[in-house]
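> Provided herewith is a single structure, encoded as structure tokens, for subsequent inquiry.
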Amino acid sequence: MTTQMQVSKCLFPVAGLGTRFLPATKEIPKEMLPLIDKPIIHYGVEEAVRSGCKDIVFVTGRGKRAIEDYFDRSWELEQLLEARDKFDLRDMVRDISHMARFSYVRQCEPLGLGHAVLCGEQVCEGEPFGVILPDDVMLGTPPVLGQLISVHRTFGGSVLALQEVTPEDTSRYGIVDADPVGEGVYRIRNMVEKPPLSQAPSRLAIMGRYVLSPGIFRELHDLNPGAGGEYQLTDAIRALLDKESVWGFVYRGKRLDCGTKAGWLRATTIMAMEDPETRQIVLSALEEGGNVR
Ligand code: UTP
């Protein structure tokens with residue numbers, strides 16, 4: 001067992017345009033769309049905090065002010081709730097701003113995920129840090145980022161979240177070429193972006209959780225734009241492979257992709273079915289289905 005630095009910071013790239021969810025995301029960041037009773041981003045921040053991160057760094061862009069306001073104190077609302085003796089609600093609203101220390105850096109142009117992570121350099125340099133893509137809500141105990149941090153503590157280097165996908169789905173994800181080294185842990189040899197099944201080195205896909213070594217910033221600086229003219233994080237991690245260990249971990253938990261209409265609807269239904277109260281609402285709505293017009 002090697003001694004590793006604590007992972008105390010978690011970066012949330014949230015500067016993307018959310019085009020797959022238009023028109024809902026024309027004025028509202030997709031991260032602020034509700035999943036049952038909390039915005040999608042709230043789940044990711046809870047995961048980071050439960051994983052031991054104290055500093056949450058958002059990489060934001062145009063039109064993302066609602067995220068900053070959500071994690072800030074809302075004095076007027078707190079006072080109004082207090083004046084109406086709604087102390088539980090006041091505390092709930094206030095606790096959101098106390099979850100962690102929040103800071104914000106700006107990505108002036110959405111030039112890709114790699115570029116977004118590079119925008120976090122000033123805050124995250126010099127230590128390993130977590131990255132959460134909040135579109136993917138992860139339900140897991142221990143939290144999925146925490147599982148990656150445990151692998152980092154044992155093996156060092158960078159760690160990517162992996163999930164086995166169906167053969168038809170390899171062309172939707174980054175797929176790794178990797179050797180198993182322990183329970184669920186793989187040493188990554190290479191990675192291929194969205195390969196057709198015939199060219200996929202495995203069925204292990206990279207999902208939106210990472211622990212990255214600070215060495216990633218050197219690779220991001222040297223990066224050329226890749227697919228779609230964007231700076232791809234995958235390309236920088238591939239370059240890192242020549243210099244440092246990169247591990248993959250097949251996390252234990254459930255992934256709910258909330259970045260598309262279909263994914264969000266599925267996630268909302270699955271979450272609603274988990275709770276006896278909302279489950280009843282879904283079931284009776286299904287009985288009514290089709291009879292609204
Ligand atoms: P996506 O690929 O989901 O892109 O980005 P998007 O723009 O958010 O959504 P679509 O595809 O247009 O519907 C993955 C993550 O990387 C962030 C996004 O906010 C999301 O969390 N991102 C992407 C940035 O922060 N900056 C970028 O330039 C691109």
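The values are calculated or read from the model by the stated rules, or taken from the named source; none is laboratory data. Everything numeric in this text was worked out from a predicted model, so none of it was measured. Backbone-built Cβ (ideal geometry, glycine too); neighbour counts: all protein chains shown. Areas reflect the complete protein model, heavy atoms only, side chains present, ligands, DNA and RNA absent. Shrake-Rupley method; radii C 1.70, N 1.55, O 1.52, S 1.80 Å.
Okay, residues lined up against (1) over 25 Å from Leu111 (Cα atoms); (2) without any contact (Cβ under 8 Å) to a residue 60 or more places away in the chain; (3) open to solvent by less than 30 Å² (accessible area, probe 1.4 Å):
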residue: Ile28; (1), (2), (3): no, yes, no
residue: Pro34; (1), (2), (3): yes, yes, no
residue: Glu47; (1), (2), (3): yes, no, yes
residue: Ser51; (1), (2), (3): yes, no, yes
residue: Val59; (1), (2), (3): no, no, yes
residue: Arg62; (1), (2), (3): no, yes, no
residue: Ala66; (1), (2), (3): no, yes, no
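> For Asp72, all conditions in the list (1) exposed (fewer than 12 other Cβ atoms within 10 Å of the Cβ); (2) in a helix (DSSP H, G or I) hold save one; what is the number of the exception?
Failing condition for Asp72: (2).
Results for (1) acidic (Asp, Glu); (2) touching a Gly at 6+ places or on another chain (Cβ under 6 Å); (3) part of a strand (DSSP E or B), shown as yes or no for each residue.
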| residue | (1), (2), (3) |
| --- | --- |
| Met5 | no, no, no |
| Leu11 | no, yes, yes |
| Glu46 | yes, no, no |
| Val49 | no, no, no |
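> Filter the helices (runs of 4 or more DSSP H) completely within region 91-190 down to those with at least 3 residues that are open to solvent by less than 10 Å² (accessible area, probe 1.4 Å) and within 22 Å of Asn224 (Cα to Cα).
Correct list: 113-119.
> Another question about this same structure. So which residues in region 208-261 are small (Gly, Ala, Ser), buried (at least 16 other Cβ atoms within 10 Å of the Cβ) and within 13 Å of the ligand (Cβ to nearest atom), if there are any at all?
Gly208, Gly226, Gly259, listed by residue number.
Each row is one residue, and each column tells you yes or no for (1) within 26 Å of Ile149 (Cβ to Cβ); (2) within 13 Å of the ligand (Cβ to nearest atom); (3) polar (S, T, N, Q); (4) more than 16 Å from the chain's Cα centre (by Cα).
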| residue | (1), (2), (3), (4) |
| --- | --- |
| Glu31 | yes, yes, no, no |
| Ser51 | yes, no, yes, no |
| Asp85 | no, no, no, yes |
| Leu89 | no, no, no, yes |
| Ser97 | yes, no, yes, yes |
| Arg101 | yes, no, no, yes |
